[in-house]
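Report on the following structure.
The values are calculated or read from the model by the stated rules, or taken from the named source; none is laboratory data. Remember, predicted model here, so these are calculated numbers, not experimental data. So basically every Cβ, Gly included, is an ideal-geometry build from the backbone, and we count neighbours across all protein chains shown. Quick note on the areas: whole protein, heavy atoms, side chains included, nothing else; ligands and nucleic acids left out. Shrake-Rupley method; radii C 1.70, N 1.55, O 1.52, S 1.80 Å.
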Amino acid sequence: MEKPPVAVIYDGQCRFCRACLNWLEKKLQVEELAYQDIDTTRFGLTKQECSKQVYVQHRDETSAGASAIAILLSLRGNKVMAFLISRSGPLADIGYRWVAAHRNSWVIRKLTQKLES
């Protein structure tokens, strides 16, 4: 079986990350790689780097954080949202970092539940 063209390196202990991947996979096949379970050095990354943000490897390029999310959305077919994220520059990075830092907040827990339903 051939590997999917997109690898996603994520926090395998994060319920929100898992829910997002399940949503993503409804329209896009990805290789899911929980950073806790892999040798991250094969991607030129450290475990510490991977604990802070998601990484996407696509077409021999590695993207992180908001840029990685924009790539995944675009490949899934959510072109408008991908465009908005990729064009919002530092604002997208701030938003990504806020979500990453508040994964256990009420807002993110509710969003996770919505994604899981």
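Taking every alpha-carbon pair in region 5-60 and binning the separations at 10 Å intervals from zero gives 24, 58, 18 percent. For Val54, the amide hydrogen comes within under 5 Å of the amide hydrogens of Gly65, counting only partners 5 or more places away or on other chains and with H modelled in the peptide plane. With all protein chains present, how much of the accessible area of the chain (probe radius 1.4 Å) comes from carbon and sulfur, to the nearest whole percent? Carbon and sulfur together cover 55 percent of it.
Accessible area per residue for region 52-112 is 65 Å², calculated with a 1.4 Å probe on protein heavy atoms, without ligands, DNA or RNA. Each 5 Å bin from zero up to the one holding the largest Cα-Cα distance in region 1-112 carries the following percent of pairs: 2, 12, 22, 26, 23, 12, 3, 1, 0. Answer rounded, prolate or oblate for region 65-112, using the Cα gyration tensor with square roots of eigenvalues a ≥ b ≥ c: rounded when a/c is under 1.5, else prolate when a/b is larger than b/c, else oblate. It comes out oblate by the Cα gyration axes. Taking the chain, the Cys residues with no second Cys beta-carbon under 4.7 angstrom are Cys20, Cys50.
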